[in-house]
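Below is one structure, written out as structure tokens, with a few remarks after it.
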Amino acid sequence: MRKIQFTILVLFFCLLQTVWADDQSTFTVKGPANAQNLNFQEIEEGKLLVSVTDDEQKPIMGLMPKDFSIVKGNKTAKVVNVEPLVTSKDIGLNIVLVVDNSASMRDRKAIQPLLKALEALYQIIRPIDQIAVVVYDDYKTVQVSGTKLHAKVIQSDSVDGLREMVREQMTKGLSSGTYLRDAMMLGLDLARRWPEKSNKFMVVMTDGEDLNSGVSESAVSEAAKTVQNFGAFTVDYMPSKTLDDFLSAFASENNGQVRKAGSAEELVPIFKEFSSTLLHRYIVSYRFLNAPVGTLAFEPAQVTIEEISTIDSAPLLNYIFFETGQSELSDKYIQLQNQAQTESFSESALTTVMDKYRHFLNIIGHRMRQFPEASITLVGCNANTGDEYGRKDLSKSRAEAVRAYLRYVWGIAAERMVVEVRNLPEAPSTNRIPEGQAENRRVEIRSEHPGMLDTVKSEYTEKRSNTQQISVIPKISAEAGVKEWKLTLKCGDAIIGAFKGTGDLSSSYALSLDNRLLEKMVKAGRVTASMQVIDKENEVLALNEAAVLPVKFIQRKEQLAQKQGYTVREKYALILFDYDSAAIKSRNKIIVDRIIARMQEVPDAKVDIVGHTDNIGKEAYNLKLSERRAEAVKEQFAAIQSDNMTMTGDGPNNPLYDNDTPEGRALNRTVTIDLEYEKK
């Protein structure tokens, strides 16, 4: 009967190992042909702790690297070393021994046989190992996860000390109750606190049915699942002839073994067998053979950069934004220190839209001098929510801060600047979200004079390429898996792009090209790409300047010398559209008339009308809104007959400015009109 039970257990462990390997899916370990059962735990990257037993559950001795095979996915590892655990000075055993110290052990005259059996376990303990004993306690409890457990932990720095402490507990510290599950739960809590990658084993021995524990069998089973690298060995010394279901399941669920002790004398051989199984394991070191290899390529294969003349008519955003509860001018606005500095200020020196916006107060001051008949209205507003609810005094302070700057730095007479106060702006952004609230904390500058809020015109030469971005395509094979990587793009010695990360690589890495980068590319004449890849086995692949992108530059002066035409682009933007609006404001009429006049002067010009929005709200809605804005502008050009006119709506895609700032979102509520033509 016992032989039949034993055979069933062997088959069960084989099935368990197969399922475990399937759970690992990409990682399997096989032993020699006579291995009936193989269990392994990962100690660290490239190192396993492996137990191999035969059909009698006895450890197989003397195994060599050739006796093991390790496969991960479609990769076969090279087993570089197999070391018996018994000789290792680095890998220690971590064992929790749960011992039944109930009074029934004395009644069954099992105390001395158990103490003798434990000697088999004591004898395998090395200085690098640690062992803890958990016993029952009638009087004191330990709290684990909110449950009081009638158990305690016995530990000692020496085997001799531990032996004596267990002996005393088994003679003088016997419990009247049986608290098996309490003790196992306490042991699992202890094992859980050991290092995650360390191997952990629990040996459980009980001689009676658990009648007094405060935790359930299922709770113990679930707790064991939270312990990494865990194995369990159980001894059923209960009077019944059949194996206890709970002890059997606990061992099988945790890659271990269960034994039935029919008498006290059988405890000694069982513990010897368990001790042998625990100690006679192998530390298997392995590595995967193929180092990473690969290539880099650019897309496109060449970049052409043309020098073009740009006439940029940039809009003026007539809002000054403030922080919550504040009325001081933000340092995002460039503020001159005195009237002497204002004398050298020039609008034409400003190129980008954001430069012009940062100088908005100085542009207003300069134009107030330029148009002495003009006056402005400063409308102070607040978010009218939270700390700013109903704070018209705050709105007034904000408007007064703007007036003070224009008065004392630019010398503008106070009577030319009228202050109006309100809570929310006349055309507010949504106040339900922080972004909208930030946009409502503002001062609006208004003027009836057409020149005060006119666009800022600038003329400059810029570079334009035949692509908006360049991409690097890495084709890297790293069988061990990529641990970390770094991709560097250079123009000469200057780094123009750097990407780095861990784990798998993307199919491509793109670098957007702005005017600053185009200048560097023109100067260098080419772009190079280099990459370093380190796999999980620390193999290094270095691709130094592995890809080269040629840069062709077409200069305007060369075109003129050859009496060829050169490209001119005129950029216009109509703003502001109010939040969630496609209505064109009256002050944009002068810009519309200006564009119509230019279109009549250069009838062959290609005209692109593109609507934009911020990123507040749903993308689909914003795409429709941007199309309505573009259509509203196109209707203004109804009298112009042109086959070269296109109209699109980008919505929140391809934002012109930073949507993370209130000024960026406001500037994105626009329609841009580009006129491009060749000038002889």
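Tabulated data
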read-out: 13 Å beta-carbon shell around Lys66, net charge (K/R +1, D/E -1); value: +1
read-out: Accessible area per residue, Å², the chain with all protein chains present, probe 1.4 Å; value: 47
read-out: Accessible area (Å², 1.4 Å probe, nearest 10) - Val418; value: 70
read-out: His449 accessible area, assembled protein chains, probe 1.4 Å, Å²; value: 40
read-out: From the coordinates shown, log10 I(q)/I(0) by the Debye sum over Cα atoms at q = 0.06, 0.09, 0.12 Å⁻¹ corresponds to which of (i) -0.65, -0.85, -1.19; (ii) -0.38, -0.83, -1.29; (iii) -0.57, -0.94, -1.25; value: (i)
read-out: Spatially proximal lysines relative to Lys332 (Cα-Cα < 21 Å; intrachain offsets below 8 disregarded); value: Lys356, Lys396
read-out: Cβ crowding within 10 Å averaged over residues, with 139-145, 76-82 ranked highest first; value: 76-82, 139-145
read-out: Packing-based ranking, highest mean first, of 456-462, 626-632 given that Cβ atoms within 10 Å are counted; value: 626-632, 456-462
read-out: Helix 392-408 axis, angle to the chain major axis (alpha carbon atoms, nearest 10°); value: 60
read-out: Dipole-positive endmost among Gly62, Gly161, Val204 within the chain (Cβ charges, Cα centre); value: Gly62
read-out: Rounded, prolate or oblate (a/c below 1.5 giving rounded, otherwise prolate when a/b exceeds b/c) for the stretch 213-261 by Cα gyration tensor; value: oblate
read-out: Residue order for Lys356, Lys72, Lys500 - accessible surface, 1.4 angstrom probe, largest first; value: Lys500, Lys72, Lys356
read-out: Within-12-Å neighbourhood charge of Leu289 [Cβ basis; K, R +1; D, E -1]; value: 0
read-out: Between the stretch 300-327 and the stretch 407-459, the Cα center-to-center distance that results, in Å; value: 19
read-out: Cβ-based net charge around Val159, under 13 Å, with every Lys or Arg adding one and every Asp or Glu removing one; value: -2
read-out: Accessible-area composition of the chain, carbon plus sulfur, in percent [1.4 Å probe]; value: 48
read-out: Protection-proxy order for peptides 229-235, 194-200, each taking the mean of Cβ atoms within 10 Å per residue, highest first; value: 229-235, 194-200
read-out: Reachable lysines from Lys89, criterion Cα separation under 19 angstrom, eight or more residues apart if same chain; value: Lys47, Lys197, Lys200
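The values are calculated or read from the model by the stated rules, or taken from the named source; none is laboratory data. Note that the coordinates shown come from a computational prediction; the quantities given were computed from them, not determined experimentally. In this analysis, Cβ positions are derived from the backbone assuming ideal geometry, glycine residues included, and neighbour counts consider all displayed protein chains. To get the accessible areas, we keep the full protein, side chains included, count just its heavy atoms, and leave off ligands, DNA and RNA. Shrake-Rupley method; radii C 1.70, N 1.55, O 1.52, S 1.80 Å.
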